[in-house]
Each structure stands twice: as C-alpha cells, then as structure tokens.
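A.B. asks: Just dropping this structure here.
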C-alpha cells in the first residue's frame, strides 16, 4: 500500500502513516485547528483554547511566557556572554548545575551536545540524591575552580537546596585548606530562580556571586530557552546569537496559521490524534549525539499530557528491537543529526532507519525530524513546546499544570518526619529473598499468595500488566553508564517477551519528569522500583537527614503514591553492591520470562 500522508509542509515533518483511517483523522483535526484558529489563539495567550473555566484560563495565561523567551532573552545575549567570559577569565574550569526536572534537563542536553567546545567550562548536572551520585558529581573537580549553579524555580526544591548545602560545606573546607579565610562559598555560587519569595527562600541569596531571575510566567519544563538553559550555555561557549536565532526562526514558523504548514501545530495535532486512537507510546529514536534531548522531551510530554486519565507516554532511550517486538500502541519519531553516528542496530542487524522503514510498512506511524547542527536543538525546544501545547487541545487537557506531582513529595515529607521521630523507616513486607535481592510487594501482591521465589514473584507481578501497559523501571541508585546499560538490557528483555513499551528512570529525577504521568495519566503503568543500601552515606549540612535517607524516603514515598492509585508496583532491593544486584535481577528476570 502506498503511503497515505497528511498534507504537511516539507519543513514541518516527514510523516509516514499507512493507515488511511489515521491519516484521515489527522487531516480532520488539522481542518478543525484551522477553523477554530488554534495557532492564533495560542500566540494570543487565549486560555479558552484549553479550558472553559475562567480561573483555569487565568492560570494558563500566566504560564505562556515561553512564547516570548527567544526574543526577550535575545536582548540578554551581551550580558550572558560577558558573564560566561568573566567566569572563564576568573579561572573557573567547571560548573555544576544543582537542580531537578525542568531546572536540570535542558542543561544536561546542552552539556552533552556541546561538550567538545574547546577552552570553555565542563558543565556537569547533579540531579540525583543518591549519596554515591552526589560524591561522583564532585569527583575530579576542584571546589575552588567550580561554579555551582543552584537552579530552582520555586526556591524551595528539596533536592536543589540539599545540593547547595553540600556544596557550601565542600567549598568552605577547600577555602580553609587553601588559607582563603576571608572568601565565602557564596563567591563560587550563582542562582537561577524566580523573583520575590522564590529568591528569598534560597539560603545566602543576598551574597551569591550572581542571581538570574527568570520570568514568573514560564513553567519549569518550558524553560529551556530562559536562564535555565542559557546560563549553562554561556559557560559551555555556545554561540548564543546563533542558538537563539535558530529558536526565533522556528518560532516564526509556528505563527503560520494553517496548521498543516506549521511545524509545531502539525506535530501536536498528529501526536494528539494518534494518542486518542490508542497510539499513545511515543517512541523517540535519536542519534547518540542528541539522545539526551529525549530525556528533556520525556518530561515536557509526560508532565504536560499525563493527567485526567489520558496522556502520551514518551519512550526515550529504549534499545532498538526487531520489528516484531513492537505492539500496536506505538508511534515513532526519529531525531537524526546530520553526519552523526546512528543508534546501535537492532538484534538482527538492521539500522535504525531500516527498522523504521519496516515499521512504517507494517502500519506504525513514523515521524522524522532532521537536524543539521546541534544549534538546531534551540529550534526543537520551540517546536516541541508548541506541539505539546497543541496536543493538549486535542486531548482536552491543560498542558500547563501538574496536579499529581505533589503526592510523592508529600509522602516523602511524612516519611522523613516519621524517620526523625522514630529513628527508622517502617519494616517492609518481604515477598521473597535470595541471591542478595529482597522483593517487597504492594498491597495486592501481599494479599495474594505466591511461591516465594524470586522468579515466581516477578512472574506474578508481570501477570498484572495490562495489555496496553508500559513497563517502567525506576532505579533509586546512583546513575552510571554500566547501570544504564543493565537497565536497557532488562528493558529489551521485557519488551521482546511481552510486546509492551518500556521506560526507565533514575530516581528521584524521574519524579520530576514522568511522575505526573504515572499517577495522573491512563492507569496502565506497571512499575519495578529498585533501591539499594548506602555503604558510604553523605550528610546534608543543616538537615536532620542524610542523602541516603532522603533518597530512600523518596523511593518509599513514590511507592506509596503508586500503591494509592492501585497501580502494580514491586520493589527490588539490590543490597550494598548495586552492580551485582542488577546482574542478579537480570538473571532472575530471564528466568521469570522463560
């Protein structure tokens, strides 16, 4: 069958959709978008596009400042470049972004994509509260030559302030050791936050080297082209004029009123229609050089669309499988950078593009977006922000709120309060224990009886996954390439054996990205939570708990939130040797799937 294509303009996207019914539904939605003036209403900040409630409309109107960011921050380029030059000239060799979610993901994209610019700062991102991760973030860095960027929109983000307290102590010790008794750690710190109470909530805010105040009408996950992304960009040596020019060019194209010719609106309509038709697993196939853009997309899409029992499930970083491994709930988007190394081939040796051609021929929708240079990432930030806003119209949700994100946070606060009062976490109900692993189940698993073996309990947990489920691995351990590879292997095993889409995330990072979708989206998630011991814990100065206790409380808080939504969750405690525990879990999973 020949391709049936909606009438997209060439610069919008290349969409290969063989299913005539899907293509017709997209074309109908594009006509509706034109008839109801979706593009104009978006750029006019018209909250009625998403809600009939006047109070909600007013709140939405105060969340659309990202539409002005490329222009407004273009005026700040001279000051930003002067800041970057000044930091480099002052002898700093590295910068550490201490943030979570919207405050860390865009810097992470840029730090990876532009890491090879010579003679500028190395930028690292710290967004894990695992004590080993906190320590690893500082490994090899000179505290007196490292600029700490405290990034928090609210000024009260628990993780960001814990990172700041830890960094303050490390710098203080280094200053004393160097005999610099009159210098303050504040001289080596800057903050990115909102004005007013947000700024005032940050310790030492009035003494920091610099404070960057973002517009209050820009939500965290839409803040890539504000100071959140641009301050790290200035330290990486990115050409900010070219970067923002790319964003402005895309923003201009998203003003095209005909939705089919609009690169953001066309994408948003397509994703929304496909999700409503059951194709709600958006699988991102990116070249390694821009792969971290997938993690940024993951938060933008999951937190924006996953609510009121609907949502688009972003599948980022899943290893490629054979064509038969994918179910009928998928849509694929290919992000290709010109001249870049492609993703690893499939098990049967097909390239990513050969696989996508086969999937398109088999009826899976495939969207392709090409980038000629990493500078184009700025344009993609805009394209996908607009697309997500428009997808929200199709899905009939407000893409600018996050009604369920506080559930795990409140649970964590309660768990930490109980820990301070009693001195211990509650004793878990163990389902099985062997090979250094401990399995802890939710209420439904505890109420029914299994065989008490690791493989048997995992098999029983797998049987609870719905036919259209996504399978989520949630690792509350310090990230490392080897551990990411182990999670990827397990994702491949699960996908190939079940035909279901898989996600993975390191906690607590994922709580700020896909956590909203898990609790507020369609109740189709299946969760495997991984925790570990902390042989070398790290205290948090000024706090009644350590980093190890904080990450454990966050894991327990999220477990309880998922359980409260009657979602299937099983914890696997890996013990003190995380890598050995992951290897044992992989062996057990193979046995359970055999």
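The values are calculated or read from the model by the stated rules, or taken from the named source; none is laboratory data. Since the model is a prediction, treat every value here as computed from it, not as a measurement. All Cβ positions, glycine included, derive from the backbone under ideal geometry; neighbour counts span all protein chains shown.
A.B. asks: So which of 377, 356 ends up being farther than 21 Å from residue 255 by Cα and surrounded by 23 or more Cβ atoms within 10 Å (Cβ to Cβ)? Break it down stepwise before answering.
C.D. replies: Values: 377 fails: farther than 21 Å from residue 255 by Cα.
Just a single option satisfies the conditions, and that option is 356.
A.B. asks: Across segment 236-246, what is the total count of residues that are closer than 27 Å to residue 147 by Cα and part of a helix (DSSP H, G or I)?
C.D. replies: Taking segment 236-246 first, the residues closer than 27 Å to residue 147 by Cα are 236-244.
Then keep just the ones that are part of a helix (DSSP H, G or I); that gives 236, 240-244.
Number of matching residues: 6.
A.B. asks: Could you tell me which residue of segment 273-300 is surrounded by the most Cβ atoms within 10 Å (Cβ to Cβ), considering only residues that are out of contact with any strand residue (DSSP E or B) (no Cβ under 7 Å at 6 or more places or on another chain) and farther than 19 Å from residue 222 by Cα? So that I can check it myself, show each step before the final result.
C.D. replies: Filtering segment 273-300 for residues out of contact with any strand residue (DSSP E or B) (no Cβ under 7 Å at 6 or more places or on another chain) gives 273, 275-278, 288, 291-292, 296, 299-300.
With farther than 19 Å from residue 222 by Cα added as a condition, the list becomes 273, 275-278, 288.
Details: 273: 26, 275: 24, 276: 17, 277: 16, 278: 13, 288: 13.
Residue satisfying both the conditions and the ranking: 273.
A.B. asks: Six or more apart or on different chains, Cβ under 9 Å: which pairs go from a residue in segment 401-427 that's on the phi > 0 side of the Ramachandran plot to one that's surrounded by fewer than 18 Cβ atoms within 10 Å (Cβ to Cβ)? Could you list them?
C.D. replies: Listed by first residue and then by second, the contacts come to nothing, as the list is empty.
A.B. asks: Looking only at segment 463-470, decide whether some residue is part of a strand (DSSP E or B) and either touching a residue at least 60 places away in the same chain (Cβ under 8 Å) or within 29 Å of the chain's Cα centre (by Cα) (or both).
C.D. replies: Let us first name the residues in segment 463-470 that are part of a strand (DSSP E or B), namely 470.
Add one more test, that the residue is either touching a residue at least 60 places away in the same chain (Cβ under 8 Å) or within 29 Å of the chain's Cα centre (by Cα) (or both), and what stays is 470.
The answer is yes; a qualifying residue exists.
A.B. asks: Kindly establish whether residue 568 is modelled with pLDDT of 95 or more and over 19 Å from residue 440 (Cβ atoms). First the steps, then the outcome.
C.D. replies: Values: modelled with pLDDT of 95 or more: yes; over 19 Å from residue 440 (Cβ atoms): no.
So residue 568 fails the test.
A.B. asks: Which of the residues that make up segment 392-408 are assigned to a helix (DSSP H, G or I) and either surrounded by 19 or more Cβ atoms within 10 Å (Cβ to Cβ) or at pLDDT 95 or above (or both)? Give the steps one after another, and end with the answer.
C.D. replies: Residues of segment 392-408 that are assigned to a helix (DSSP H, G or I), as a first pass: 392-395, 406-408.
Correct list: 392, 393, 394, 395, 407, 408.
A.B. asks: Is it the case that some residue within segment 541-548 is at pLDDT 95 or above, within 15 Å of residue 133 (Cα to Cα) and assigned to a helix (DSSP H, G or I)?
C.D. replies: We begin by selecting, within segment 541-548, every residue at pLDDT 95 or above; these are 541-548.
Filter once more, keeping what is within 15 Å of residue 133 (Cα to Cα): 546-548.
Next, only the ones that are assigned to a helix (DSSP H, G or I) stay: 547-548.
Within segment 541-548, one or more residues are at pLDDT 95 or above, within 15 Å of residue 133 (Cα to Cα) and assigned to a helix (DSSP H, G or I).
Table: residues versus (1) more than 18 Å from the chain's Cα centre (by Cα); (2) in a helix (DSSP H, G or I); (3) free of Cβ contacts under 8 Å to residues at least 60 places away in the same chain; (4) closer than 28 Å to residue 151 by Cβ.
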site	(1), (2), (3), (4)
478	no, no, no, yes
483	no, yes, no, yes
491	no, yes, no, no
494	yes, yes, no, no
502	no, no, no, no
511	no, yes, no, yes
523	yes, no, no, no
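A.B. asks: Assuming residue 300 fulfils every condition listed in (1) farther than 30 Å from residue 523 by Cα; (2) touching a helix residue (DSSP H, G or I) at 6+ places or on another chain (Cβ under 6 Å) apart from one, which condition is it?
C.D. replies: (1)
A.B. asks: Still on this structure: Take the residues in segment 12-26 that are out of contact with any helix residue (DSSP H, G or I) (no Cβ under 8 Å at 6 or more places or on another chain) and in a helix (DSSP H, G or I); name whichever of them is modelled with the lowest pLDDT. I'd like the intermediate steps shown before the answer.
C.D. replies: Start the filter on segment 12-26 by keeping residues that are out of contact with any helix residue (DSSP H, G or I) (no Cβ under 8 Å at 6 or more places or on another chain), which leaves 14, 19-21, 23-24.
Applying the additional criterion that residues be in a helix (DSSP H, G or I) yields 20-21, 23-24.
Working: 20: 87, 21: 90, 23: 90, 24: 93.
Per the criteria, the residue is 20.
A.B. asks: Within the bounds of segment 72-79, is there any residue that is more than 22 Å from residue 380 (Cβ to Cβ), in the same structural domain as residue 356 (by TED's automatic domain parsing) and either modelled with pLDDT under 95 or not in a helix (DSSP H, G or I) (or both)? Spell out how you get there, then give the answer.
C.D. replies: Initial filter on segment 72-79 (more than 22 Å from residue 380 (Cβ to Cβ)): 75, 78-79.
Next, only the ones that are in the same structural domain as residue 356 (by TED's automatic domain parsing) stay: none.
No, segment 72-79 has no match at all.
A.B. asks: Would you mind finding the one in 318, 380 that is in contact with a helix residue (DSSP H, G or I) (Cβ under 7 Å, 6 or more places away or on another chain), assigned to a loop (DSSP other than H, G, I, E, B) and either outside the structural domain of residue 551 (by TED's automatic domain parsing) or within 30 Å of residue 554 (Cβ to Cβ) (or both)?
C.D. replies: Exactly one of 318, 380 is in contact with a helix residue (DSSP H, G or I) (Cβ under 7 Å, 6 or more places away or on another chain), assigned to a loop (DSSP other than H, G, I, E, B) and either outside the structural domain of residue 551 (by TED's automatic domain parsing) or within 30 Å of residue 554 (Cβ to Cβ) (or both), namely 318.
A.B. asks: Shifting gears a bit: Evaluate the following for residue 162: is it outside the structural domain of residue 540 (by TED's automatic domain parsing), in a helix (DSSP H, G or I) and in contact with a helix residue (DSSP H, G or I) (Cβ under 9 Å, 6 or more places away or on another chain)? It would help to see each step written out before you state the result.
C.D. replies: Values: outside the structural domain of residue 540 (by TED's automatic domain parsing): yes; in a helix (DSSP H, G or I): yes; in contact with a helix residue (DSSP H, G or I) (Cβ under 9 Å, 6 or more places away or on another chain): yes.
When the stated conditions are applied, residue 162 passes them.
A.B. asks: State the number of residues belonging to segment 27-71 that are in contact with a helix residue (DSSP H, G or I) (Cβ under 9 Å, 6 or more places away or on another chain) and assigned to a helix (DSSP H, G or I).
C.D. replies: 29
A.B. asks: Out of 220, 237, 229, 272, I need the residue that is on the phi > 0 side of the Ramachandran plot and either at pLDDT 95 or above or not assigned by TED's automatic domain parsing to the domain that holds residue 524 (or both). Which one? Show your work before the answer.
C.D. replies: Numbers: 220 fails: on the phi > 0 side of the Ramachandran plot; 229 fails: on the phi > 0 side of the Ramachandran plot; 272 fails: on the phi > 0 side of the Ramachandran plot.
Only one candidate passes the filter, namely 237.
A.B. asks: Return yes or no: is residue 576 at pLDDT 95 or above, assigned by TED's automatic domain parsing to the domain that holds residue 421 and assigned to a helix (DSSP H, G or I)?
C.D. replies: On the way: at pLDDT 95 or above: yes; assigned by TED's automatic domain parsing to the domain that holds residue 421: yes; assigned to a helix (DSSP H, G or I): no.
For residue 576, the condition - at pLDDT 95 or above, assigned by TED's automatic domain parsing to the domain that holds residue 421 and assigned to a helix (DSSP H, G or I) - is not met.
A.B. asks: Within segment 575-594, can you find the residues that are crowded, with 22+ Cβ neighbours inside 10 Å, touching a helix residue (DSSP H, G or I) at 6+ places or on another chain (Cβ under 9 Å) and more than 22 Å from residue 463 (Cα to Cα)?
C.D. replies: Narrowing segment 575-594 to residues crowded, with 22+ Cβ neighbours inside 10 Å: 578, 581-582, 585, 588-589.
The next check asks that each one be touching a helix residue (DSSP H, G or I) at 6+ places or on another chain (Cβ under 9 Å); those that pass are 578, 582, 585, 588-589.
If the condition is that a residue be crowded, with 22+ Cβ neighbours inside 10 Å, touching a helix residue (DSSP H, G or I) at 6+ places or on another chain (Cβ under 9 Å) and more than 22 Å from residue 463 (Cα to Cα), then 578 is the only one that fits.
A.B. asks: Taking segment 248-267, which residues are part of a helix (DSSP H, G or I) and either without any contact (Cβ under 8 Å) to a residue 40 or more places away in the chain or within 13 Å of residue 390 (Cα to Cα) (or both)?
C.D. replies: Residues of segment 248-267 that are part of a helix (DSSP H, G or I), as a first pass: 248-253, 259-261, 263-267.
Of everything in segment 248-267, those that are part of a helix (DSSP H, G or I) and either without any contact (Cβ under 8 Å) to a residue 40 or more places away in the chain or within 13 Å of residue 390 (Cα to Cα) (or both) turn out to be 252, 259, 260, 263, 264, 265, 266, 267.
Conditions tested, residue by residue: (1) closer than 16 Å to residue 391 by Cα; (2) touching a strand residue (DSSP E or B) at 6+ places or on another chain (Cβ under 8 Å); (3) in contact (Cβ under 8 Å) with a residue 40 or more places away in the chain; (4) buried (at least 16 other Cβ atoms within 10 Å of the Cβ).
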position	(1), (2), (3), (4)
30	yes, no, yes, yes
37	yes, no, yes, no
47	yes, no, no, yes
51	yes, no, yes, yes
54	no, no, no, no
59	no, no, yes, no
77	no, no, yes, yes
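A.B. asks: Regarding residue 344, is this residue in a loop (DSSP other than H, G, I, E, B) and under 23 Å from residue 490 (Cβ atoms)?
C.D. replies: Numbers: in a loop (DSSP other than H, G, I, E, B): yes; under 23 Å from residue 490 (Cβ atoms): yes.
Judged against the criteria, residue 344 is a match.
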